[in-house]
Amino acid sequence: MGETRHTKVLIIGSGPAGYTAGVYASRAMLEPILVQGIEPGGQLTTTTEVENWPGDTEVQGPDLMVRMEAHAKAMGCDIVSDIITDLDLSSRPFTATGDSGVTYIADAVILATGARAKWLGLPSEEKFKGFGVSACATCDGFFYRGQEIVVVGGGNTAVEEALFLTNFASKVTLIHRRDELRAEKILQDRLLKHPKIEPLWFHTLEEVIGADNPLGVEGVRVRNVQTDEITEIAAKGVFIAIGHAPANELVKDVLELHNGGYVSVKPGTTETSVPGVFAAGDLTDHKYRQAVTSAGMGCMAALDAERFLAEQDG
């Protein structure tokens, strides 16, 4: 333990942004080190069909990430299975501490830590997390073959999860606080036409109810936001799909943020408020949040880092 490693570019995160940055930084002969983090491959490893990745009419999310990792490795990117627990950006070279005990010294840093699922924050949600409450349909959907389940949310995530869960569940109730969805129109059309899905408009989830021994979900209590009436719905699974929050823990007190925690970058670049630190993907993007835009930003970050380092050397 206690090893110290130096790199021109340290890439933190391993989704489409991180791996693409790895490809481009390697091609620029920057010999990058990429630290994968707590979820190698990022959010796409918990999705199934990806239908909007150019060149693949349909591809499995985990397969796409395996291919991206292999591509970055083939270009010469040093991919490390570690988690950065501390990042010191107060002076160059920057210092990152890994959970493994390794210290990484970097002339430039590309942040690609992505985003993770948001939760409602209910005590009952926390109690049954992993025992009927989930934020990942693709991880847990197959546990609910022939069962009735509920999905909470109204955006793309919620609609995609609800549609995916019809592969297993006998019925999916979508609980949404409004009477219209924010999801893409094509997804809304699929959901509203699906015989297994029943939308429950103007309702919020108040409590998850279930058994203690063994621990397991048996239903939910929902509240009508217009009348305050409480209703119970039988369900074996509860999927929370209310969006994502940027994984900004390493930099939230150091870099400028916007829109509730996303890392700010200068328009048209991936430059953050600290010179030599670049951000790409869902960590900075509250608007598009697509695999293809994340990959594009990963490319931009590597090229921005290459230019920055060339200017320093010059």
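The values are calculated or read from the model by the stated rules, or taken from the named source; none is laboratory data. Source: prediction; values computed, not measured. Glycine also receives a Cβ, built like all others from the backbone with ideal geometry; neighbour counts cover every protein chain displayed.
Pairs, please: C-beta under 8 Å, at least 6 apart or cross-chain, first residue buried (at least 21 other Cβ atoms within 10 Å of the Cβ) and in the range 26-42, second assigned to a strand (DSSP E or B) and of a type in the set (Phe, Trp, Tyr)?
Cβ pairs passing all conditions: Ile33/Tyr104; Val35/Tyr104.
Would you confirm whether any residue within the range 204-211 is more than 18 Å from Gly130 (Cα to Cα), in the same structural domain as Gln147 (by TED's automatic domain parsing) and either modelled with pLDDT under 95 or outside any loop (DSSP other than H, G, I, E, B) (or both)?
yes
Go through the range 147-165 and report how many residues are under 20 Å from Glu218 (Cα atoms) and surrounded by fewer than 19 Cβ atoms within 10 Å (Cβ to Cβ).
Counting residues in the range 147-165 that are under 20 Å from Glu218 (Cα atoms) and surrounded by fewer than 19 Cβ atoms within 10 Å (Cβ to Cβ) gives 2.
Here is a yes/no grid of residues against (1) closer than 16 Å to Leu34 by Cβ; (2) over 15 Å from the mean Cα position of the chain (by Cα):
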{"site": "Tyr262", "(1), (2)": "no, no"}
{"site": "Thr269", "(1), (2)": "no, yes"}
{"site": "Phe278", "(1), (2)": "yes, yes"}
{"site": "Asp282", "(1), (2)": "no, no"}
{"site": "Cys299", "(1), (2)": "yes, yes"}
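Just need a number here: residues in the range 61-89 that are closer than 25 Å to Met29 by Cβ, in contact with a Leu (Cβ under 8 Å, 6 or more places away or on another chain) and of a type in the set (Asp, Glu).
Of the residues in the range 61-89, 1 are closer than 25 Å to Met29 by Cβ, in contact with a Leu (Cβ under 8 Å, 6 or more places away or on another chain) and of a type in the set (Asp, Glu).
Inspect all residues belonging to the range 252-264 and state whether any of them is among the hydroxyl-bearing types (Ser, Thr, Tyr), closer than 30 Å to Leu174 by Cα and in the same structural domain as Val50 (by TED's automatic domain parsing).
For the range 252-264, residues among the hydroxyl-bearing types (Ser, Thr, Tyr), closer than 30 Å to Leu174 by Cα and in the same structural domain as Val50 (by TED's automatic domain parsing): present.
Looking at Ala305, is it within 15 Å of Pro16 (Cβ to Cβ) and either assigned to a strand (DSSP E or B) or touching a strand residue (DSSP E or B) at 6+ places or on another chain (Cβ under 9 Å) (or both)?
For Ala305, the condition - within 15 Å of Pro16 (Cβ to Cβ) and either assigned to a strand (DSSP E or B) or touching a strand residue (DSSP E or B) at 6+ places or on another chain (Cβ under 9 Å) (or both) - is not met.
Can you pull out the residues in the range 178-203 that are part of a helix (DSSP H, G or I) and in contact with a strand residue (DSSP E or B) (Cβ under 6 Å, 6 or more places away or on another chain)?
If the condition is that a residue be part of a helix (DSSP H, G or I) and in contact with a strand residue (DSSP E or B) (Cβ under 6 Å, 6 or more places away or on another chain), then Leu191 is the only one that fits.
Starting from residues that are modelled with pLDDT of 95 or more and out of contact with any strand residue (DSSP E or B) (no Cβ under 8 Å at 6 or more places or on another chain), keep the ones in the range 122-153 and report whichever is farthest from Val50 (Cα to Cα).
Checked the range 122-153; the qualifying residue farthest from Val50 (Cα to Cα) is Pro123.
Could you list, in sequence order, the residues of the range 280-299 that are polar (S, T, N, Q), under 13 Å from Gly13 (Cβ atoms) and outside any helix (DSSP H, G or I)?
The answer is Thr284, and nothing else.
So Lys118 ticks every box in (1) at pLDDT below 95; (2) under 16 Å from Leu250 (Cα atoms) but one. Which box is left unticked?
Going through (1) at pLDDT below 95; (2) under 16 Å from Leu250 (Cα atoms) one by one, Lys118 breaks only (2).
Looking at the range 164-177, which of its residues are in contact (Cβ under 8 Å) with a residue 40 or more places away in the chain and not in a loop (DSSP other than H, G, I, E, B)?
Phe164, Leu165, Thr173, Ile175
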